[in-house]
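Read-outs: derived from the displayed coordinates by stated rules, not from any lab. This one's a predicted model, so the numbers in the text were calculated from it and none came from an experiment. As a convention, Cβ positions derive from the backbone with ideal geometry for all residues, glycine included, and neighbour counts pool all protein chains shown.
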Amino acid sequence: MSIASFASQTNFNVKNAMASNTLSDLMRVRKETIRNCLADFENEEHRLEKVLKINGSQYINDAQAGNVNATYYALESMEQETVWIVWGSNVNDYDILLPLVNEKVKAIICLGKNNDKLIETFGNVVDFMIETDAIEDAVKIAYKLCRDAESVLYSPAAGTDLCENYESCGNKFKQAVRQL
């Protein structure tokens, strides 16, 4: 089965599919059954969830990415230049993200009040960084920054202090995108 026939072709999902395929093979699941499952696979809500395409720019909700490692896979999957919306955390070590941010991110919108490490790590890497306390404002700023065929990725890389949980933050992001 070629990667092109996967329903979700991100590196993250391809690696998961390879692991699942290996286990299924060991359990002697029919290849046709595996192929059908992979072709129909849908991301779960809040994990690299494509929300809307507006003026050629794709808005992606990755609210489940509550740590740097999860955000790494989200950034790795970006194929277009990206505006990244992220929650600040002065505890996180963002260095692992530097090559991906340098290659794929044109602007960073920092949410919350603990953005010092984000600014310190990426301030000289991207041309534009801004801080805000509201997801709705972050989405409006991203909309103004985006050009045709770019992406807006909400991938927090940290816990949030303005929402009850990642689901409520993801839903706020999706609602803000739909109101553009």
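I need the shape label for segment 55-180. Rule: rounded when a/c is under 1.5, else prolate if a/b > b/c, else oblate, with a, b, c from the alpha carbon gyration tensor. Rounded, since a/c falls under 1.5. Residues whose amide H falls under 5 Å from that of VAL152, counting only those 5 or more places apart or on a different chain, are GLN58, TYR59, ILE60, VAL83, with hydrogens built in the peptide plane.
Residue exposure proxy: PHE173, PHE128, PHE122, ordered by other Cβ atoms within 10 angstrom of their Cβ from fewest to most, comes out as PHE128, PHE122, PHE173. Derived scalar couplings between HN and Hα for segment 106-114 equal 9, 8, 10, 10, 8, 9, x, 10, 10 Hz in order, rounded to whole Hz, by the Karplus curve 6.51 cos²θ - 1.76 cosθ + 1.60 (θ = phi - 60°), x for Gly and Pro. Beta bridges per DSSP, both residues in segment 49-178: antiparallel share near 20 percent. For the cross-link pairs LYS50/LYS106; LYS117/LYS144; LYS50/LYS113; LYS53/LYS104, which exceed 21 Å when the distance is taken from alpha carbon to alpha carbon? Over 21 Å apart, Cα to Cα: LYS117/LYS144; LYS50/LYS113.
Residue-wise HN-Hα couplings along segment 116-124, as the Karplus relation 6.51 cos²θ - 1.76 cosθ + 1.60 with θ = phi - 60° gives them from phi, are 4, 5, 4, 5, 5, 6, 10, x, 9 Hz; Gly and Pro carry x. Ranked by how many other Cβ atoms sit within 10 Å of their own Cβ, fewest first, the residues ILE119, ILE60 fall in the order ILE119, ILE60. For segment 99-161, the alpha carbon convex hull comes to 88 Å³ per residue, rounded to a whole number.
Mean separation of Cα pairs under 8 Å and 6 or more residues apart, divided by the residue count, gives segment 49-178 a relative contact order of 38 percent.
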